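Notes follow once the structure below has been shown.
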Amino acid sequence: MTTVVFAGFGKLGYRCISTIHKLNIKILFVLTHKDLSSESVDRFCQENKINFSYSDLRKDKNLQLDLYQTSAKYLISINYRYILPRQYLEKFEYPLNIHGSLLPKYRGRTPHVWAIINGENKTGITCHLMEESVDTGPIIHQIEIVIGAYDTGADLLSKFEKLYPDCLLVSIEKLENGFLPIIQNDFAATYFGKRIPEMGCLDFSKSAKSLVDFIRALAKPYPGAFCYLGNGTRITVNKAEIIQAPNVELVDTGMIIESDGCYIVRVSDGFLRFIDFEINGN
């Protein structure tokens, strides 16, 4: 029987652990973060009597002692937030991670959001072996995903939720059949860091197309792209469209006016209309 230690969180983690649990795969232990929603890793473990911990393995000495004695062929990491120590990764024949990009492109955090911001028309998911450095290990399997013209960051996550289990199962099957993972080309690699809400401020000196992409990448349920009206009120924008010059005078870049229940802003090369927005959280 194939044995696994699982490290995962969120719906992506839930989809994967619930999938492998139905197969001839024994889950020996789970590392996760507290959630307890209906589709969460910790709730799944409770319902299926699987031992789990919220602890950071790097800091919990008792957990280290317990897990270093656990013998499993696979370590599977899905949307897990803590870094796993190198000496623990080396315990496993196959320490697997699924990353939300077509590695070696878009190593780092929230790659699907960065891909939309950067105007990409495709992204994907990659199952790879974990190394001490992040997202650098040899590639086992990839699935390419088209980024639609109106896809938001949340839309891409929904696509990921459907494809992560398939990517994981195909990867395990390939390894069981003797597949040799492919070394990443570091010269082709790109890296993008963590995003924080403050990074969502709209820069109207940029092009209309890049601003539309920026807005949809950060649309709800993410914190959202935002700017300030002339009176200082903050407006969070979830969707915008490029329009022809309006029948009102907008002289300066960044100038915003209300029109027919929407807001229009002048940007570096044209005009945008905000068609889905929230003012002061309303």
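The values are calculated or read from the model by the stated rules, or taken from the named source; none is laboratory data. Treat the numbers as computed from the prediction; the structure is a model and nothing was measured. Every residue, glycine as well, gets a Cβ built from its backbone with ideal geometry; the counts of neighbours run over all protein chains shown.
Residues checked against (1) over 22 Å from Lys105 (Cβ atoms); (2) out of contact with any strand residue (DSSP E or B) (no Cβ under 6 Å at 6 or more places or on another chain); (3) surrounded by fewer than 12 Cβ atoms within 10 Å (Cβ to Cβ):
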{"residue": "Ile145", "(1), (2), (3)": "no, no, no"}
{"residue": "Ser171", "(1), (2), (3)": "no, no, no"}
{"residue": "Leu175", "(1), (2), (3)": "yes, no, no"}
{"residue": "Arg195", "(1), (2), (3)": "no, yes, no"}
{"residue": "Ser207", "(1), (2), (3)": "yes, yes, no"}
{"residue": "Lys220", "(1), (2), (3)": "yes, no, no"}
{"residue": "Gly232", "(1), (2), (3)": "yes, yes, yes"}
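Restricting attention to region 52-105 and to residues that are in a loop (DSSP other than H, G, I, E, B) and aromatic (Phe, Trp, Tyr), the residue that is modelled with the lowest pLDDT turns out to be Tyr68. For the residues Tyr80, Tyr94, Tyr68, Tyr74, the requirement of being under 26 Å from Gly200 (Cα atoms) and hydroxyl-bearing (Ser, Thr, Tyr) singles out Tyr80. Every test in (1) modelled with pLDDT under 95; (2) within 20 Å of the chain's Cα centre (by Cα); (3) over 21 Å from Ile139 (Cβ atoms) is passed by Leu31 save one, and that test is (1).
When residues in region 129-161 are screened for being free of Cβ contacts under 8 Å to residues at least 40 places away in the same chain and over 19 Å from Tyr74 (Cα atoms), 9 of them pass.
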